[in-house]
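The values are calculated or read from the model by the stated rules, or taken from the named source; none is laboratory data. Not measured: the values here are computed from a predicted model. Backbone-built Cβ (ideal geometry, glycine too); neighbour counts: all protein chains shown. Heavy atoms of the whole protein, side chains included, go into the accessibility calculation; ligands, DNA and RNA do not. Shrake-Rupley method; radii C 1.70, N 1.55, O 1.52, S 1.80 Å.
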Amino acid sequence: MPQISIKMYEGRTDAQKQEIVEVFTRELSRIIDREAEYISVTFQEIPWDDNVPDNLKKTREQGG
């Protein structure tokens, strides 16, 4: 069973994460010729540190 593990800063929306799951699953399924239902995607959200990208900081500042 293929597993995709994504480590990223916290703060992405559920919609963003859902799109990631859909795109990564679809493309991995296509590339390895395996049905999508056998692919799993997990997220590990890490706390912000000094390296968090500016675009993510702006999202939080805007209340998102």
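The table below gives the values:
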{"item": "Number of the condition not met by Asp33 [criteria: (1) of a type in the set (D, E, K, R); (2) loosely packed, with under 11 Cβ neighbours inside 10 Å; (3) closer than 30 Å to Gln62 by Cβ]", "result": "(3)"}
{"item": "Residue among Pro53, Pro2 that alone is open to solvent by less than 70 Å² (accessible area, probe 1.4 Å) and at pLDDT below 95", "result": "Pro53"}
